[in-house]
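Heads up, the thing below is written out as structure tokens.
The values are calculated or read from the model by the stated rules, or taken from the named source; none is laboratory data. If you're wondering where the values come from, they're calculated on a predicted model, not measured in any experiment. Cβ placement follows ideal geometry from the backbone for every residue including glycine, while neighbour counts extend to all protein chains displayed.
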């Protein structure tokens, strides 16, 4: 027969063990959740390795062996065709993504060619093929390429250099995490002058 005091200790020990298990359960659930690879979805901060090539296999850009491309999914920080096809991928996954001109840098618009006075262009850029960058009225980047040099004017093509081209991205997902919260700065309110006592 088991002595009563031993049974009492065993019951207390089991009760303590189950209490510890209950306390540990949330942490264990979090660890288990962290073990599950988070998929790319709205609001996640994503780190990518990529190589961009065109239809003719020529390489345009690559960050392999360099700093990753980091963006927030759903914030329209990258071209729409790429962002759309990244949704649902997990850390460690690789994918070849083809993006049409319409969902990349757009189609070529003939009306985006402009003829401007030669003296408004830096002297070193007054040659066919020279690339220029600037800012639009809203601060957006503007790309231009010199397509023709005349006596007094220069013809600029304001289409993006990759407009009208199908883009092929070979990507690898390096990291998916919650995007850091953006700090909202509240402008300081001007101090109001102290009220003067009525005379």
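Points worth noting:
Residue-by-condition table, conditions (1) over 30 Å from residue 161 (Cβ atoms); (2) at pLDDT 95 or above; (3) in the same structural domain as residue 150 (by TED's automatic domain parsing):
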{"position": "49", "(1), (2), (3)": "no, yes, no"}
{"position": "53", "(1), (2), (3)": "no, yes, no"}
{"position": "56", "(1), (2), (3)": "no, no, no"}
{"position": "79", "(1), (2), (3)": "no, yes, no"}
{"position": "95", "(1), (2), (3)": "no, yes, no"}
{"position": "121", "(1), (2), (3)": "no, no, yes"}
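- Residue in segment 86-94 that is surrounded by 11 or more Cβ atoms within 10 Å (Cβ to Cβ) and without any contact (Cβ under 8 Å) to a residue 60 or more places away in the chain present: yes
- Selection status of residue 161, modelled with pLDDT of 95 or more and within 26 Å of residue 57 (Cα to Cα): no
- Index of the failed condition, residue 48 passing every other in (1) under 15 Å from the mean Cα position of the chain (by Cα); (2) surrounded by fewer than 17 Cβ atoms within 10 Å (Cβ to Cβ): (2)
- Residue in segment 181-189 that is modelled with pLDDT under 95, over 17 Å from residue 129 (Cβ atoms) and part of a strand (DSSP E or B) present: no
- Meets criteria (within 27 Å of residue 57 (Cα to Cα) and surrounded by 17 or more Cβ atoms within 10 Å (Cβ to Cβ)) for residue 109: no
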